[in-house]
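One structure is given here, and the rest of the page talks about it.
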Amino acid sequence: MGHLNYTTTDLNSPLADVKADICDLPFESDSYDIIFCNHVLEHIPDDTKAMQELYRVLKSGGMAILQIPQDLSRTETFEDDAIIDREERAKIFGQYDHVRVYGRDYFDKLRAVGFKVDEVDYTTSISPDEVNRYRLAQGEVLPVCYK
């Protein structure tokens, strides 16, 4: 197998190859075979726009894993911009800089922008050592998305 070409992207990190806003990516449409977006969307006020951008830059037939912290006991995603206290935000959203807690409707939000979404709990089919190696939470359901 040959080498993989990849691009890291972040708005603020000095380590990223490209500094970019996920809601306005500087990449051509249909330019990436695979996208990994891990624990980003819960920070983005307009997550729908970010999802649309990820869909736009993914090649037809491409795959994206768009991992987020999720409360599977919630039917619907919870957001409240009126909560501005950092400690209160951390208590409610899990971190002071999160803008929402995703519920089970997250997968449908991805489908609404065009993705075909498989809801996969890999923790039921791999060893506990692999669960730890890949830093999955037991019972975590990953959205494996296709265009």
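What follows is calculated from the coordinates using simple rules that are stated; it is not laboratory data. Everything numeric here is computed off the predicted structure, so don't read it as measured data. FYI the Cβ positions are ideal-geometry reconstructions off the backbone, even for glycines, and counts take in every protein chain you see.
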antiparallel share of DSSP beta bridges within the chain, to nearest 5, in %, is 50
Over the Cα atoms of the chain, what is the Rg over Rh ratio if Rh follows Kirkwood?
0.97
Quick one: length gained pulling Y96 to H3 fully straight, 0.36 nm per residue minus the C-alpha distance?
29.7 nm
Filtering trypsin sites (Lys or Arg not before Pro) in the range 1-73 by DSSP loop and by at most 16 other Cβ atoms within 10 Å leaves none
How would you rank F107, F27, F115, going from fewest to most other Cβ atoms within 10 Å of each one's own Cβ?
F27, F107, F115
Taking the alpha-carbon centre of each part, the distance from the range 28-61 to the range 105-147 in Å is 16
